[in-house]
Amino acid sequence: QVQLVESGGGLVQAGGSLRLSCAASGDIGVINAMGWYRQDPGKQRELVAIITSGGSTNYADYVKGRFTISRDYAKNTVYLQMYSLKPEDTSVYFCNANVVRIGWYRSLEVWGQGTLVTVSS
(Lines give C-alpha, C1' and ligand atoms only; values in the text may rest on other atoms or scores of the structure.)
Protein backbone atom coordinates (compact mmCIF):
# COMPACT_ATOMS: atom_id res chain seq x y z
CA GLN A 1 0.00 0.00 0.00
CA VAL A 2 0.90 3.65 -0.34
CA GLN A 3 0.14 6.27 2.27
CA LEU A 4 0.25 10.05 2.21
CA VAL A 5 0.75 11.88 5.48
CA GLU A 6 0.14 15.63 5.56
CA SER A 7 1.32 18.17 8.07
CA GLY A 8 1.57 21.91 8.51
CA GLY A 9 -2.02 23.06 8.69
CA GLY A 10 -3.28 25.35 11.41
CA LEU A 11 -4.55 28.80 12.27
CA VAL A 12 -2.98 31.89 10.78
CA GLN A 13 -3.97 35.53 10.48
CA ALA A 14 -4.81 37.05 7.13
CA GLY A 15 -1.65 38.07 5.34
CA GLY A 16 0.35 35.36 7.01
CA SER A 17 1.97 32.25 5.61
CA LEU A 18 1.95 28.50 6.12
CA ARG A 19 3.75 25.58 4.58
CA LEU A 20 2.04 22.25 4.07
CA SER A 21 4.01 19.05 3.67
CA CYS A 22 2.95 15.66 2.38
CA ALA A 23 5.16 12.60 2.54
CA ALA A 24 4.45 9.44 0.59
CA SER A 25 5.49 6.04 1.89
CA GLY A 26 4.91 2.39 1.14
CA ASP A 27 5.64 0.17 -1.82
CA ILE A 28 6.27 3.03 -4.21
CA GLY A 29 7.59 2.27 -7.66
CA VAL A 30 7.09 5.59 -9.38
CA ILE A 31 5.31 8.77 -8.35
CA ASN A 32 3.97 10.72 -11.26
CA ALA A 33 2.17 13.96 -10.42
CA MET A 34 1.64 15.18 -6.89
CA GLY A 35 -0.75 17.91 -5.96
CA TRP A 36 -2.82 19.76 -3.43
CA TYR A 37 -6.58 20.11 -3.46
CA ARG A 38 -8.98 21.75 -1.09
CA GLN A 39 -12.56 21.14 -0.16
CA ASP A 40 -15.14 23.20 1.67
CA PRO A 41 -18.23 21.67 3.29
CA GLY A 42 -20.85 20.84 0.71
CA LYS A 43 -18.56 21.63 -2.19
CA GLN A 44 -16.49 19.58 -4.56
CA ARG A 45 -12.82 19.10 -4.03
CA GLU A 46 -10.88 21.50 -6.24
CA LEU A 47 -7.34 21.64 -7.50
CA VAL A 48 -5.04 24.14 -5.84
CA ALA A 49 -1.69 23.22 -7.37
CA ILE A 50 -0.02 20.30 -9.08
CA ILE A 51 3.55 19.35 -9.94
CA THR A 52 4.52 16.67 -12.41
CA SER A 53 7.37 14.19 -12.24
CA GLY A 54 9.29 16.52 -14.53
CA GLY A 55 8.73 19.54 -12.32
CA SER A 56 6.08 21.34 -14.35
CA THR A 57 3.55 23.15 -12.21
CA ASN A 58 0.03 24.38 -12.56
CA TYR A 59 -2.02 26.53 -10.19
CA ALA A 60 -5.60 27.53 -9.67
CA ASP A 61 -6.05 31.14 -10.72
CA TYR A 62 -6.97 32.27 -7.23
CA VAL A 63 -3.61 31.17 -5.76
CA LYS A 64 -1.26 32.22 -8.55
CA GLY A 65 1.43 34.48 -7.21
CA ARG A 66 0.64 33.55 -3.61
CA PHE A 67 1.21 29.78 -3.38
CA THR A 68 4.20 27.74 -4.52
CA ILE A 69 4.25 23.99 -4.94
CA SER A 70 7.55 22.13 -4.78
CA ARG A 71 8.75 18.61 -4.47
CA ASP A 72 11.61 16.67 -2.91
CA TYR A 73 11.95 13.65 -5.16
CA ALA A 74 14.40 11.88 -2.88
CA LYS A 75 11.99 12.11 0.05
CA ASN A 76 8.80 11.50 -1.96
CA THR A 77 7.48 14.69 -0.43
CA VAL A 78 5.48 17.58 -1.85
CA TYR A 79 5.16 21.00 -0.27
CA LEU A 80 2.74 23.86 -0.61
CA GLN A 81 4.13 27.19 0.53
CA MET A 82 1.27 29.62 1.05
CA TYR A 83 1.82 33.37 1.33
CA SER A 84 -0.55 36.31 1.68
CA LEU A 85 -3.26 34.05 3.01
CA LYS A 86 -6.84 35.27 2.88
CA PRO A 87 -9.87 34.21 4.93
CA GLU A 88 -11.29 32.62 1.79
CA ASP A 89 -8.30 30.25 1.74
CA THR A 90 -9.77 28.60 4.81
CA SER A 91 -10.43 25.00 3.86
CA VAL A 92 -9.35 21.41 4.32
CA TYR A 93 -6.34 20.77 2.11
CA PHE A 94 -5.73 17.32 0.71
CA CYS A 95 -2.55 15.91 -0.77
CA ASN A 96 -2.80 13.71 -3.86
CA ALA A 97 -0.33 11.52 -5.68
CA ASN A 98 -0.51 9.46 -8.84
CA VAL A 99 1.53 6.39 -7.98
CA VAL A 100 2.65 3.19 -9.62
CA ARG A 101 3.23 0.59 -6.94
CA ILE A 102 6.16 -1.79 -7.11
CA GLY A 103 5.28 -4.68 -9.37
CA TRP A 104 2.21 -2.94 -10.75
CA TYR A 105 1.68 -1.57 -14.24
CA ARG A 106 -1.18 0.80 -13.68
CA SER A 107 -1.12 3.94 -11.60
CA LEU A 108 -3.55 4.77 -8.84
CA GLU A 109 -4.65 7.94 -7.12
CA VAL A 110 -3.77 8.17 -3.47
CA TRP A 111 -5.15 10.78 -1.07
CA GLY A 112 -4.01 12.08 2.25
CA GLN A 113 -6.33 12.47 5.21
CA GLY A 114 -6.58 16.25 4.86
CA THR A 115 -5.27 19.09 6.96
CA LEU A 116 -7.30 22.09 8.06
CA VAL A 117 -6.07 25.57 7.25
CA THR A 118 -7.91 28.40 8.97
CA VAL A 119 -7.21 32.02 8.08
CA SER A 120 -8.64 34.58 10.47
CA SER A 121 -9.51 38.11 9.40
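The values are calculated or read from the model by the stated rules, or taken from the named source; none is laboratory data. Everything quoted here is computed from the prediction, not taken from an experiment. Note that each Cβ is placed from the backbone with ideal geometry, even for glycine, and that neighbours are counted across all protein chains shown. Note: areas computed on protein heavy atoms with side chains; ligands, DNA, RNA excluded. Shrake-Rupley method; radii C 1.70, N 1.55, O 1.52, S 1.80 Å.
Quick one: in segment 63-121, of everything that is in a loop (DSSP other than H, G, I, E, B), hydroxyl-bearing (Ser, Thr, Tyr) and within 18 Å of residue 10 (Cβ to Cβ), which residue is least open to solvent (accessible area, probe 1.4 Å)?
90
Residue 30 is checked against (1) under 12 Å from the mean Cα position of the chain (by Cα); (2) open to solvent by 70 Å² or more (accessible area, probe 1.4 Å) and fails just one. What number does that condition carry?
For residue 30, the failing item is (1).
Determine which member of the set 18, 47, 116, 108 is within 13 Å of residue 2 (Cβ to Cβ) and within 17 Å of the chain's Cα centre (by Cα).
108
Does segment 8-27 hold any residues that are part of a strand (DSSP E or B) and either open to solvent by 60 Å² or more (accessible area, probe 1.4 Å) or within 19 Å of residue 73 (Cβ to Cβ) (or both), and which are they?
Correct list: 11, 13, 19, 20, 21, 22, 23, 24, 25, 26.
Among the numbered criteria (1) at positive phi; (2) modelled with pLDDT of 95 or more, which one does residue 93 miss?
Just one mismatch for residue 93, condition (1).
Just checking, how many residues over segment 73-105 are under 13 Å from residue 6 (Cα atoms) and small (Gly, Ala, Ser)?
Residues that pass the stated criteria total 1.
I'd like to know if segment 35-56 contains one or more residues that are in contact (Cβ under 8 Å) with a residue 24 or more places away in the chain, outside any loop (DSSP other than H, G, I, E, B) and loosely packed, with under 14 Cβ neighbours inside 10 Å.
No - not one qualifying residue is present in segment 35-56.
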